Amino acid sequence: MKIVLLLAMVAAVYGQPDPYLPMVEPPNPMLDISLRCDSDNNQLVINAEFTNAFEGYLYAKGFYSTRGCRALGTGTRFIDLVLPLDGCGTITSLPGTSRTSYNNTIVVMNEAAWGLLGMMDTSYSVSCQFGGDSVQRFDWGFTVPMLTTQGVITVTSTAPACSMKIVQGRDPLAQPTTLLFLGDIATMVFETEGGGRYDIFVSDCKVHDGSNEGIITLVDEFGCPGHRKLIGLTNYDNRIVPGRAFAYSHFKVFKFPDKDNVYFECRCHVCLGSCEKVCLKFK
């Protein structure tokens with residue numbers, strides 16, 4: 001018995017495997033993991049690179065058995081996992097706002113043959129953020145114008161820009177103008193591109209004479225008219241031009257005493273999907 005014990009200790013010292021213990025799993029550390037947010041194709045794409053050839057699984061936590069929620073390594077050091085923004089456990093944060101996030105947890109399973117997790121396996125939190133607020137000043141001077149998570153990967157995708165123009169009359173597709181007359185009806189128009197995937201919401205529109213005195217609220221923080229005698233409800237339309245979102249409000253042309261120009265300052269929210277429009281006060 002002493003001789004057997006001594007041989008086992010010698011084998012352990014010199015790194016020889018003990019046949020009475022499970023085999024030691026060779027490490028295959030991940031060198032890099034990256035994330036790409038693809039709103040046009042409704043996808044969250046994870047790219048991973050390993051030290052050695054990877055033949056395991058990448059999958060969305062809790063959805064190992066769900067088709068389309070996992071990817072199998074092909075014997076190279078690289079693997080891609082493509083998840084839908086509306087499936088495989090992807091959680092949406094702040095939907096309908098100007099800063100929408102899509103979050104998921106990705107599990108790395110090194111042993112695909114058995115479909116079991118081991119001590120070398122881990123997980124990563126991934127997050128895609130879409131949209132953004134932009135406050136733009138237009139001076140159309142009326143001229144008016146389970147496993148321990150090892151890392152968190154966040155990618156922010158810049159939303160399309162929001163543009164503004166003032167047009168004469170009620171047609172939002174009319175050319176911008178630099179000359180308006182008191183009492184006429186004009187239209188304040190906002191638009192954004194984005195292949196039909198983005199929406200806009202307009203709020204906090206204020207007008208002043210350039211000196212920041214006598215500021216008047218045309219559209220409040222909820223997107224409601226501040227003065228119905230000056231401006232109507234905002235129209236939202238995604239069908240005027242394919243792939244573009246429009247918001248426009250008809251207003252009565254006015255001016256400040258002893259001033260030629262009127263300055264508009266508005267907040268245009270760009271949202272992935274649909275913006276939450278909360279103005280119910282005048283409906």
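The values are calculated or read from the model by the stated rules, or taken from the named source; none is laboratory data. Here the structure is a predicted model, which is why all the values come from computation and not from measurement. Here the Cβ is made from the backbone with ideal geometry for all residues, glycine too, and neighbour counts use every protein chain on show. These area figures cover heavy atoms from the full protein model, side chains too; ligands, DNA and RNA do not enter into them. Shrake-Rupley method; radii C 1.70, N 1.55, O 1.52, S 1.80 Å.
Six or more apart or on different chains, Cβ atoms under 6 Å: show the pairs whose first residue is in segment 183-208 and within 15 Å of ASN235 (Cβ to Cβ) and open to solvent by 50 Å² or more (accessible area, probe 1.4 Å) and whose second is in a strand (DSSP E or B) and not aromatic (Phe, Trp, Tyr).
ILE185/HIS250
Here are TYR263, TYR198: which of them is modelled with pLDDT under 85, farther than 30 Å from CYS128 by Cβ, out of contact with any helix residue (DSSP H, G or I) (no Cβ under 9 Å at 6 or more places or on another chain) and hydroxyl-bearing (Ser, Thr, Tyr)?
Answer to the check: TYR263.
Give me the residue from segment 255-276 that is assigned to a loop (DSSP other than H, G, I, E, B) and charged (D, E, K, R) and, out of that set, nearest to ASN41 (Cα to Cα).
Top of the filtered list is GLU276.
Considering each of PRO242, PRO225, PRO257 in turn, give the residue that is at pLDDT 80 or above, at negative phi and surrounded by fewer than 13 Cβ atoms within 10 Å (Cβ to Cβ).
Criteria check complete, one pass: PRO242.
Could you grab the pairs with beta carbons closer than 9 Å, sequence gap of 6+ or different chains, first residue in segment 77-96 and within 22 Å of HIS269 (Cβ to Cβ) and of a type in the set (Asp, Glu), second one modelled with pLDDT under 90 and in a strand (DSSP E or B)?
ASP86/THR92; ASP86/TYR102
Just to check your reading of the model, which residue among VAL207, VAL167, VAL241, VAL262 is closer than 30 Å to ASP38 by Cα and β-branched (Val, Ile, Thr)?
VAL241
Go through segment 47-123 and tell me which strands (runs of 3 or more DSSP E), entirely inside it, have 2 or more residues that are among the charged types (D, E, K, R) and open to solvent by less than 60 Å² (accessible area, probe 1.4 Å).
Filter on segment 47-123 gives an empty set.
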